[in-house]
Every structure is written in structure tokens, then in C-alpha cells.
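What follows is calculated from the coordinates using simple rules that are stated; it is not laboratory data. All values derive from a computational prediction rather than experimental measurement. Glycine also receives a Cβ, built like all others from the backbone with ideal geometry; neighbour counts cover every protein chain displayed.
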Amino acid sequence: MSHEAARYPLLLDVTGRRVVVVGGGPVAARRARPLAAAGADLHVVAPFVSEPLAELIADGRASWSPRDYTDGDLGGAWLVHTATGDPDVDDAVAAAADAQRTWCVRADDAARSAAWTPAVARVGDVIVAVSAGADPRRAARLRTAVQTAVETGGLPTRPQRAPLRGSVALVGGGPGDPGLITTRGRQLLAEADVVVVDRLAPRALLDELDDDVQVIDVGKTPGHHPIPQDQINRLLVEHAQAGRRVVRLKGGDPFVLGRGGEEAAACRAAGVAVTVVPGVTSAVAVPAAAGIPVTHRGLSKQFTVVSGHEGLDWSNLAGTEGTLVFLMGVSLLADTTSQLIAHGMDPDTPAAVVEDGFGPGQRVTTAPLSGIARAAAEVGAKPPAVVVVGDVAALAVTGG
């Protein structure tokens, strides 16, 4: 077995324990920062220190002896890092540490070091340490790849022990394309015990879950809500109170016409820990899929997101100088357009209907406001769809 292969990996709790860093340059600073973050009693020995080290010292997270290293500087140390750039000094530090049976990490010569610091990926409570022998750059590249895979749910990070306390995460999945969920949302989904999913959420991601993850479908269609909202709230609370990690996977953003506020309030009222992970809202993303910016210089400085149902302030909407974006508005499109025109909006205002944005059935239909309902009916437009009214709709890229 090679000397490098014989190294023994270990994670250390350095909280409150004295750690000495000899050297004040950038390499010493890179070693010092994670030690300070881990709560070490950190002491730096160097005639001069770089700005990152000076900040640690000024913040009280490290102490400093502003001079060259001398015998006795390692007294009481549990761990030593030496990064002076002077081989003779590093030799002396390493020898002193070895004599008092303290582990010493040398920055100048890994082969002569008694201990190594791996490249570390930290994502939540997951810590992955990567070592590649005496090749730190290779280790750093591997670390970055592992961290990306953990953050995006590409590795099996789901805890196998029940949590001490259940929780709920309201995760916005974006407009439906699995690639548009945030990395944080993907990570929480990979760790879930229970997933309560909407109809318009990125359901393809469910295929990646462990077989024993419970998936509860609460999808709604226009006019058909098989599981009422108060029952959904109870499901979230009950599973969390049973000690499970619950993800409420929604389409778009949970706080944009997604009832996320109600679900968060229900969890908090029951004493359940709740996290909100924003998503890419369909109100912006679906028009973008059709080439429509909701704001555009010279055309629109603002946009209004509207639930396409009854009881709206038509006078205010018809008088807006910006873009109107209607979610869930296809079934009432004829009434919407007639109300806007009746309350003063120009019948020639550009309008567009974008169906299945970012999905395989994406289709864009455009017409003036006075004719968009008829045009949508002629092509059989159906949900999920977003209706855009305003000058920016003229920028749409039409077709399938």
C-alpha cells in the first residue's frame, strides 16, 4: 500500500479548541477561514497578515502574534497549520508539532505532512470530504462536481433516520419543465419522506424518488378540486407532526396564486417548521417561453398578475399602462376581453395566449384584444395557459 493510500480520513470537532496557523498569506487565510467558521480557538503567528486574516482578527474570531514563529508558539494546540512559504520555518513548525504529538498540516509539501485537509463540500447537514493524494486541484474539481450533484438532487441524500421533528417545505417547481426548479427545491425533494404534489408541478422529478417515499396527488383542474384546500393543509400538518419531511411540490411559485400563504399559515399555527422555496413563476416564465417580456423599454414599465376569475376591478385593469398577465384565464377569456373593452381598453391592444409553456404542447396564439377569445377558441386553446394583454404581446414568437 502506498503512503498516500494509507492515510486515515477523519472529521474533527474543533469547537473551542486551540488551533495555531503559522503564516499570514493567502494560503494561511484559506486554511484559517473554515477553522474560524467551525468555532476553533484560532491563533495566527505571522509578522504580517493578509486582508482576509486581518478581518478574522478584527472580528474577534482569531488572535494574532505579529512576529515570526518561535519555539513555544504551539503550546496547548490541538491542531497546527503551517503555510509560511519558508521551508525551514515549516520544517521547524512540523517538528515541534510532532514532538508534542499534535497533528500538523503543511501547505508546502503534502508528502511530508502528518495531516491533510481535504476539499470539502457542505450542503445542509451533508459534508463530503474529497482527497486526491498530493493533487489538491484534482480534489477541488471532484469536490465541486460532488457538491453540484448533491445540491441538484443527483445523489441519494435522503436521510435514513427519522428526524427529531417533522417539517414542511413549500417548493415552487416552476412552469413544469424539470430543469427550471431551483437547486434548493431539488435538494429538498430528494430528501423528502412525503411529497404532496400539484397537477402543474414538474412531475417527471417524482420518478427519481426512493420507492418508499409517499406521493400524494392533490392536483386540481378547472372547476374540479377533489381535495379541498383545508384538507391539503391538514395533510401537511399531520405528516409533519408524525415526524416526516414533507415537500409540497407546486407549479410556478408557491406565493403567486398558489395558496402557499394559506399552507404556510396553517403549518405555523400548528407549530410545524415550514420553509418556503421560491419558484420560477409562470406569470413571467410562460410569456418568456413565447418570446414575450412582461416589461420592455418603450412598451411597458410594469406588469400586473391577475387570477382569471370573476370579481375583478375591471376599470383599474383596463386603465393600466403596463402589461396584464392572466393566470387560469382561458375558460373566461371571452368575458375578460369584453370587460376590458367595455371599461375603456383599446380593442386593438395586442394579446396572446401561451399554452403549456416550456412543455411539449407549447403553442402561442396572438390577436388583437377584440379577437383573441375567438382565435383561442378556433385552435381549441385549453389550460394550462397564460394570457398576456399589452403592447409586449406583439413581440410574441408564434407557432407550436
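Here are a few things to note about the model shown:
- Counting 0.36 nm for each residue step from Glu262 to Lys382 and taking away their Cα separation leaves a gain of 40.5 nm.
- Contact order, relative form, for the chain: 10 percent (alpha carbon pairs under 8 Å, 6 or more residues apart, mean separation divided by residue count).
- Full extension of the chain between Thr304 and Asp68 gives 78.5 nm of extra length, using 0.36 nm per residue less the Cα-Cα distance.
- Normalised convex hull volume, region 260-319, alpha-carbon set, Å³ per residue: 138 Å³
- Whole-percent pair-distance distribution, where bins are 5 Å wide, for the alpha carbons of region 19-164: 2, 10, 18, 18, 17, 14, 10, 6, 4, 2, 0
- Qualifying trypsin sites (Lys or Arg not before Pro) in region 277-364, where qualification requires a DSSP coil assignment and no more than 16 other C-beta atoms within 10 Å, comprise Arg297, Lys301.
- Residues in region 356-364 carry Karplus couplings, in order, of 6, x, 6, x, x, x, 4, 8, 10 Hz; the curve used is 6.51 cos²θ - 1.76 cosθ + 1.60 with θ = phi - 60°, and Gly or Pro positions show x.
- Rg over Rh for region 284-395 works out to 0.92, using Cα positions for both radii and the Kirkwood form for Rh.
- Gained length - Arg30 relative to Ala132, 0.36 nm times residue gap less alpha-carbon distance: 34.9 nm
- Listed peptides 115-121, 54-60, 387-393 by packing density, highest first (mean Cβ within 10 Å): 387-393, 115-121, 54-60
- For Trp64, the residues 5 or more places off, or on other chains, whose built amide H falls under 5 Å of its own are Val44.
- Cβ-defined net charge surrounding Pro87, 12 Å radius [Lys, Arg +1; Asp, Glu -1]: -4
- Residues within the reach of a label modelled at Asp391 (point 7 angstrom out along Cα to beta-carbon, backbone nitrogen below 19 Å), restricted to region 290-330, are 291-305, 317-325.
- Residues whose placed amide H lies under 5 Å from that of Leu79, excluding near-sequence neighbours: Val20
- Averaging the Cα positions of each part gives two centres, and for region 285-348 and region 113-156 these lie 49 Å apart.
- In this structure, Arg141 and Leu12 have a Cβ-Cβ separation that, at R0 = 25 Å, corresponds to a calculated FRET efficiency of about 0.55.
- In order along region 29-42, phi translates into HN-Hα couplings of 5, 5, 6, 6, 4, x, 5, 5, 5, 7, x, 5, 7, 8 Hz, rounded to whole numbers, per the Karplus curve 6.51 cos²θ - 1.76 cosθ + 1.60 with θ = phi - 60° and x for Gly and Pro.
- Taking amide H atoms as placed 1.01 Å from N in the peptide plane, the amide H of Leu170 lies under 5 Å from those of Arg248, Thr275, Val276, Val277, each 5 or more residues away in sequence or on another chain.
- Using bins of 20 Å that start at zero, the share of Cα-Cα pairs per bin across the chain amounts to 23, 35, 28, 13, 1, in whole %.
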